[in-house]
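Some notes on the structure that comes next.
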Amino acid sequence: MLDIETRERTAGSERKRILDALIAIAAEHGYAETTVEMILQRADLDRAAFDRHFRGKYDCFLSAWQEINETCMREMLEAYNSHEEWPDKLRAVACEVVESLRGDPSRATFSVEVLAAGDAARARRDMTMRVIASLIDAGRNEMEDPESVPHTTAEALAGSAYGQVYSRIVQGRGDELPELVPQLMSTAVMPYLGLEAAMEELSRGFNPPARYRRGVAKRTSSPKTDDVTSAEGYPPELSRLPPGRHGLPREFVVHNQRERLVAGLAEAIAENGYSGTTIAHITRHAAVSRRTFYEHFSSKDECFVAAYDTVMTELRDRVSEGFEEAEDWPHSVRAGISAMLGFLAAEPHLARLCMVEALVAGPVVVERYDAAIKSFVPYFQSGREGRPPEILARLSPTTEEALVGGMVSLISRRIIAGKAEELEELLPDLVEFTLTPYLGSEEAAKIAAEKG
Amino acid sequence: MPPGRHPLPREFITQHQRARIIAALAEETVEKGYRAVTVADIVRRAGIARNTFYENFSSKEACFLAASEYAVTEALRRVVDAASKVESWPTRVNAGLAAFLHYVAGEPALARTCIVEALSAGPAAVDRYERSIQAFVPLFRMGRKVSPKGDELPETLEETIVGGIFWILYQRIIMGQTEQIEDLLPELVEFSLTPYLGAEAAKRTSAEAPPAAS
């Protein structure tokens, strides 16, 4: 037992040493010039160690990039959730990002270098950008008429903020980043809160957060800070399994308890967000004892992963069912999206859990989140079959990933805005958006407008 | 160009050759991605001799840079042309952006080469990105004259507007939505004018049809 743990820890630190070395070397020498030998020399490890963790230089680059994005995403969402009001939330994100880039210059340089590694690296970056756009877009909730700002605005603001930060890093002007923050904030706030609020942002300057984490692959430690509320003493109106013998087979009870814990977690998260949720919250919502929790899960993270897997399995089943029932590809896409929206709208807590909170819940889940997004790619890819060459010519290797990403970002925006119940209204837009590259806008609009 | 005697002025031939090489680079890039394209591919696609390529460009990168400069110059020419036909600054932005989107939609390969690569090719691309942004910045900076806040506006506002437009186009191109690029006009006009005129006036201008692009 102990042996396995020790081995796992060694493997983890070996991997981290390689990734840290890669980031440092690539920041100095660039993507093309970096070799596996250089990385290993810096990490003081042998080739066998490298091969245990990576398939090659490219794989290693992408893994490092993946972890940087995950860390960044988690830091951003934590910063966002650390404030109550929207412009403060967004400002916390901007400060966090700049502070963490400045705290770790080779990570910043690496983030630029890695783009030379190709489409996959770029697609990963774009996903992070979509999350940033959602955080900006939440500004519309502050408006009297939330629909009055075009949805492209947030996307444009996120993209150009990225461009400005990126070019300052490359040009070695990283020290200008703090003064850039109030400017970017001012411009981002303007469409939603108006000119006066924008001018106020300008005068605010740069307020870095008190604490921030640096480096890649920082794992969240399992929470030890739960309060000690016991599961006894729940109000009787909370349904719970009667204690003692209940004549149900043990398997069923266990299964049932797990499901209740999963549902309890989803409710607790809907109420407190992931970071604010304690095990006591979960057990209270699930109406089971703390001991029962620990019989099933060793930590909040583990429970979250189980919850995430359960939700995603269900979601995938519904989508694939919908997809397979329709008679041709475009209608399959329509049916799949419709099934997805239907499920998420009916289960707003679960929707929030898998589309929003998954991004802040730590590396294990973010990896799954990525895998989940990728699992929807083949549905769209099959739309390439039999298309004429002039259509295929306008598709790029990552079109499908971008489509899924764009779709997920539209959905999560609604969920962040607390409008999960209205998700089904998105159906025509999403159908048109995803079919257009393959069918052209006219045909796509026609299918999008169909009833039923 | 057919070999042998041709009565065209040398200047014209060079121009023509360069444009053809640039077009070939763009088409090859769309097909296999910039990194995979070789000078041999460009030469084959353009139907020219390898020597001719090197008479015009020292390397693939130089050719790429020229492509990007060519595209920016062409786009800028059309924007200024369209904008100069109308009077007020907001309608100029409307007309200019319409011309810009029309150009991008009409040159999908070139647009994809320049816009996508500039935002994805690592440090080497930053210069190109910066140059393209800076080329359009002055057109928006004029808006400060009609804004009540003028010079108090954030210094990087124009950079944000141009960069934002590029990013939106980048996203649409990546997603294979080149067909609808011109449909983005009202949203982008509203996005660019709001900081100067306020949301209402910006929305009003964006709702007007731009003067017909010739």
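The values are calculated or read from the model by the stated rules, or taken from the named source; none is laboratory data. This is a predicted model, so every value here is computed, not measured. Don't worry about glycine lacking a Cβ; one is built from the backbone with ideal geometry, like all the others, and counts go over all protein chains shown. Ligands, DNA and RNA are excluded from the accessible area calculation, which covers all protein heavy atoms including side chains. Shrake-Rupley method; radii C 1.70, N 1.55, O 1.52, S 1.80 Å.
At a glance:
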{"item": "Filtered residues of segment A:186-196 (kept if at the interface with chain B (Cβ under 9 Å from one of its Cβ atoms) and among the aliphatic types (A, V, I, L, M))", "result": "A:Ala188, A:Met190, A:Leu195"}
{"item": "Residue under evaluation B:Ser132, criteria (1) more than 14 Å from chain A (Cβ to nearest Cβ); (2) closer than 15 Å to B:Leu169 by Cβ; (3) of a type in the set (Gly, Ala, Ser), criterion not met", "result": "(1)"}
{"item": "Test: residue in segment B:129-151 that is under 14 Å from B:Val79 (Cβ atoms) and part of a loop (DSSP other than H, G, I, E, B)", "result": "no"}
{"item": "A:Glu327, sole failed condition from (1) part of a helix (DSSP H, G or I); (2) open to solvent by 30 Å² or more (accessible area, probe 1.4 Å); (3) at pLDDT below 90", "result": "(1)"}
{"item": "Selection from segment A:75-101 of residues that are under 25 Å from A:Glu113 (Cα atoms) and either of a type in the set (Gly, Ala, Ser) or open to solvent by 20 Å² or more (accessible area, probe 1.4 Å) (or both)", "result": "A:Ala94, A:Val97, A:Glu99, A:Ser100, A:Leu101"}
{"item": "Matching entry among A:Ala351, A:Ala358, A:Ala335, A:Ala345 (being closer than 23 Å to A:Arg124 by Cβ, open to solvent by less than 40 Å² (accessible area, probe 1.4 Å) and part of a helix (DSSP H, G or I))", "result": "A:Ala358"}
{"item": "In segment B:183-193, the residues that are more than 9 Å from every other protein chain (Cβ to nearest Cβ) and surrounded by fewer than 22 Cβ atoms within 10 Å (Cβ to Cβ)", "result": "B:Leu185"}
{"item": "Any hit, segment A:165-182, residues being under 30 Å from A:Ala371 (Cβ atoms) and either open to solvent by 20 Å² or more (accessible area, probe 1.4 Å) or away from chain B (no Cβ under 11 Å) (or both)", "result": "yes"}
{"item": "A:Ala26 being within 14 Å of chain B (Cβ to nearest Cβ), open to solvent by less than 80 Å² (accessible area, probe 1.4 Å) and assigned to a helix (DSSP H, G or I)", "result": "yes"}
{"item": "Residue that is farthest from A:Arg130 (Cα to Cα), among those in segment A:411-442 that are without any contact (Cβ under 8 Å) to a residue 24 or more places away in the chain and within 13 Å of chain B (Cβ to nearest Cβ)", "result": "A:Glu442"}
{"item": "Hits in segment B:142-165 - residues which are more than 7 Å from every other protein chain (Cβ to nearest Cβ), farther than 30 Å from B:Cys114 by Cα and basic (Lys, Arg)", "result": "B:Lys145"}
{"item": "Subset of segment B:112-125 (residues that are open to solvent by less than 10 Å² (accessible area, probe 1.4 Å) and at pLDDT 75 or above)", "result": "B:Thr113"}
{"item": "The lone exception for B:Pro108 - which of (1) touching a residue at least 12 places away in the same chain (Cβ under 8 Å); (2) away from chain A (no Cβ under 11 Å) it fails", "result": "(2)"}
{"item": "Residues that are open to solvent by 20 Å² or more (accessible area, probe 1.4 Å), hydrophobic (A, V, I, L, M, F, W, C) and touching a residue at least 40 places away in the same chain (Cβ under 8 Å), drawn from segment B:19-47", "result": "B:Ala19, B:Ala23, B:Val30"}
{"item": "Matching residues, segment A:133-164, being more than 8 Å from chain B (Cβ to nearest Cβ), surrounded by 20 or more Cβ atoms within 10 Å (Cβ to Cβ) and either among the aromatic types (Phe, Trp, Tyr) or in contact with a Gly (Cβ under 9 Å, 6 or more places away or on another chain) (or both)", "result": "A:Ala133, A:Ala154"}
{"item": "Single residue of B:Gln180, B:Gln171 found to be open to solvent by 10 Å² or more (accessible area, probe 1.4 Å) and at the interface with chain A (Cβ under 7 Å from one of its Cβ atoms)", "result": "B:Gln180"}
{"item": "Residue match in segment A:47-55 (condition: outside any helix (DSSP H, G or I), crowded, with 20+ Cβ neighbours inside 10 Å and under 26 Å from the mean Cα position of the chain (by Cα))", "result": "yes"}
{"item": "Enumeration of residues in segment A:369-395 that are small (Gly, Ala, Ser) and within 14 Å of chain B (Cβ to nearest Cβ)", "result": "A:Gly383, A:Ala393"}
{"item": "Residue within segment A:405-425 that is at pLDDT 90 or above, of a type in the set (A, V, I, L, M, F, W, C) and assigned to a helix (DSSP H, G or I) present", "result": "yes"}
{"item": "Evaluation of A:Ala445 against (1) of a type in the set (A, V, I, L, M); (2) away from chain B (no Cβ under 12 Å); (3) open to solvent by 30 Å² or more (accessible area, probe 1.4 Å) (one fails), failing number", "result": "(2)"}
{"item": "Which listed residue is under 16 Å from the mean Cα position of the chain (by Cα) and either closer than 18 Å to B:Ser84 by Cα or at pLDDT 90 or above (or both), from B:Pro195, B:Pro138, B:Pro211", "result": "B:Pro138"}
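One line per residue, one yes/no per condition, for (1) surrounded by 23 or more Cβ atoms within 10 Å (Cβ to Cβ); (2) out of contact with any Pro (no Cβ under 6 Å at 6 or more places or on another chain); (3) at pLDDT below 90:
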{"residue": "B:Glu74", "(1), (2), (3)": "no, yes, no"}
{"residue": "B:Arg77", "(1), (2), (3)": "no, yes, no"}
{"residue": "B:Glu87", "(1), (2), (3)": "no, yes, yes"}
{"residue": "B:Thr91", "(1), (2), (3)": "no, yes, no"}
{"residue": "B:Asn94", "(1), (2), (3)": "yes, no, no"}
{"residue": "B:Val104", "(1), (2), (3)": "yes, yes, no"}
